[in-house]
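The values are calculated or read from the model by the stated rules, or taken from the named source; none is laboratory data. This is a predicted model, so every value here is computed, not measured. FYI the Cβ positions are ideal-geometry reconstructions off the backbone, even for glycines, and counts take in every protein chain you see.
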Amino acid sequence: MMEGALSRRAFACHLGTALGAALVVPSFVQSLTAVPPPAPRQRVGPGDGVIRLDSNENPYGPSPKALEAMTRSQRVAARYPDSLEERMREALAKLHGVEPDNVLLGCGSSEILRMADMAFLGSGKNVVVAEPTFEAVLAYARVTRAQRVKVALTADFRHDLDRMAAACNEATGLVYVCNPNNPTGTIVTRDELVAFLGRVPQSTIILVDEAYHHFVEDPCYASAFEWLGQVPNLVLARTFSKVYGMAGMRLGYAVGTKENIRAMREHVLSNNANAAVLEAGLASLADPGHIPQQRKLNNDTRHWLCSELERDARRYIPSEANFVMIDVGGDVKPVIEQFHRRRILVGRKFPSLGNWLRVSIGTRRETQAFLAALREIVPTRAKVASGRAA
Ligand SMILES: Cc1ncc(COP(=O)(O)O)c(C=O)c1O
């Protein structure tokens, strides 16, 4: 399987074949990898009865205020969105206690990861990442011809920051820390992060991706924003795709020193954030109730799912995000295909965790449907034993 955010899209191509005419996944943007474009397929979308638990989206969508703002954006649709961009950078700067020049907008945080690779990698450089983690940084690194250094997770599926710091040398342009990590949902603790920030050479950019920050409950976690003013080689990435429910609208951002943000901006597509998403993003930031509400909806359902998994005596990785990894006891690929035949999309295979299924947290009803299907597709040992006895 190809790597990348990208790979989610490439994966969609493979999936189309697996599903035949029965079901077609959304037409993701064509991959930048060497995967050929998908053959034309039947399109599916809202109301098609498909349960989408494959991309860690927020099933409840944007805040009502953001939806209103998108409608209002008709008024500005005819104009280039420069002043909205400015307002968004100002709003984000205020949120994080920095200046607008410390903020860079992206077409999703995917573009932020790409710009970081373009700015800080290249031939003769290397990038250090955990394995497995969100693959976009690696996929874009390949374009820059940088060498890719993967450091296995610890036995409890967490970043091995000691080994990642040790792997950084004078040729390391970027070290990527995904906190919480996709696909495991595990966190880097505050103490681990502090030690790591002190150990990585100043010549290496530390890119901390906090796409799932808002879902974290573990008190040992801390956002790397705490150290932004003290660690000049630190760059943070955040997104409006997860807790804000706007994955389809495409908005993310980076915060870092003016110098690093300037270096990344060299690679930006001008006006990469459209007027509608900027209006919606500004309205989301001004809606204080949205984040706590979405966090509670997600986390209540995640806790419920995990308690059911425990009841079934299944092995899963305790998660702080909006997805959970479940051990299916064998190759996950046929399991994924069986879910698809039932019109439930689940996460792709992560080769280094080939027996594990990643499921995104949906609504309670969607998550119940997932669990019922899981119980049929991968019966628990207890169930298999009782079935045999009968
Ligand atoms: C850790 C992580 N970072 C970044 C992204 C990219 O998200 P987006 O481009 O929608 O902001 C994702 C998407 O799933 C992700 O899991």
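When the residues of segment 208-221 are filtered to those that are without any contact (Cβ under 8 Å) to a residue 60 or more places away in the chain and surrounded by 19 or more Cβ atoms within 10 Å (Cβ to Cβ), which remaining residue is nearest to Y244 (Cα to Cα)?
H213
Of the residues in segment 66-80, how many are surrounded by 22 or more Cβ atoms within 10 Å (Cβ to Cβ) and either away from the ligand (no atom under 16 Å from the Cβ) or free of Cβ contacts under 8 Å to residues at least 40 places away in the same chain (or both)?
Summing the residues that are surrounded by 22 or more Cβ atoms within 10 Å (Cβ to Cβ) and either away from the ligand (no atom under 16 Å from the Cβ) or free of Cβ contacts under 8 Å to residues at least 40 places away in the same chain (or both) in segment 66-80 gives 1.
Have a look at T144, T154 and point out the one that is among the hydroxyl-bearing types (S, T, Y) and within 30 Å of N58 (Cα to Cα).
Answer to the check: T154.
Out of all the residues in segment 176-186, is one or more farther than 16 Å from S109 by Cβ, not assigned by TED's automatic domain parsing to the domain that holds L357 and not in a loop (DSSP other than H, G, I, E, B)?
No, segment 176-186 contains no residue that is farther than 16 Å from S109 by Cβ, not assigned by TED's automatic domain parsing to the domain that holds L357 and not in a loop (DSSP other than H, G, I, E, B).
Evaluate the following for E217: is it closer than 19 Å to Q294 by Cβ, among the acidic types (D, E) and more than 11 Å from the ligand (Cβ to nearest atom)?
yes
Determine which member of the set R295, R265, R315, R302 is in contact (Cβ under 8 Å) with a residue 12 or more places away in the chain and surrounded by 20 or more Cβ atoms within 10 Å (Cβ to Cβ).
One residue alone meets the criteria, R302.
Suppose the filter is of a type in the set (A, V, I, L, M, F, W, C), more than 16 Å from the ligand (Cβ to nearest atom) and not in a loop (DSSP other than H, G, I, E, B); does A139 pass it?
So A139 fails the test.
Find the residue count for segment 130-179, including only residues that are surrounded by fewer than 16 Cβ atoms within 10 Å (Cβ to Cβ), among the polar types (S, T, N, Q) and closer than 24 Å to R238 by Cβ.
Going through segment 130-179 one residue at a time, the tally reaches 0.
Can you tell me which residue is farthest from A276 (Cα to Cα) among those in segment 235-259 that are surrounded by 24 or more Cβ atoms within 10 Å (Cβ to Cβ) and away from the ligand (no atom under 14 Å from the Cβ)?
G256
Quick check, is E320 assigned to a helix (DSSP H, G or I) and either charged (D, E, K, R) or under 20 Å from the mean Cα position of the chain (by Cα) (or both)?
Considered against the rule, which asks whether it is assigned to a helix (DSSP H, G or I) and either charged (D, E, K, R) or under 20 Å from the mean Cα position of the chain (by Cα) (or both), E320 comes out as no.
Checking the structure you have, find out if any residue of segment 93-101 is within 16 Å of the ligand (Cβ to nearest atom) and either buried (at least 16 other Cβ atoms within 10 Å of the Cβ) or in a loop (DSSP other than H, G, I, E, B) (or both).
No, segment 93-101 contains no residue that is within 16 Å of the ligand (Cβ to nearest atom) and either buried (at least 16 other Cβ atoms within 10 Å of the Cβ) or in a loop (DSSP other than H, G, I, E, B) (or both).
Any idea which of E85, E111 is assigned by TED's automatic domain parsing to the domain that holds E135, of a type in the set (D, E, K, R), crowded, with 23+ Cβ neighbours inside 10 Å and in contact with a strand residue (DSSP E or B) (Cβ under 7 Å, 6 or more places away or on another chain)?
Step by step, each of E85, E111 is checked, and only E111 is assigned by TED's automatic domain parsing to the domain that holds E135, of a type in the set (D, E, K, R), crowded, with 23+ Cβ neighbours inside 10 Å and in contact with a strand residue (DSSP E or B) (Cβ under 7 Å, 6 or more places away or on another chain).
With respect to G289, determine if the residue is modelled with pLDDT of 95 or more and within 16 Å of the ligand (Cβ to nearest atom).
The answer is no for G289.
Could you pull out the residue among G281, G330, G289 that is closer than 30 Å to S73 by Cα and surrounded by fewer than 17 Cβ atoms within 10 Å (Cβ to Cβ)?
None of the others qualify; the one that does is G289.
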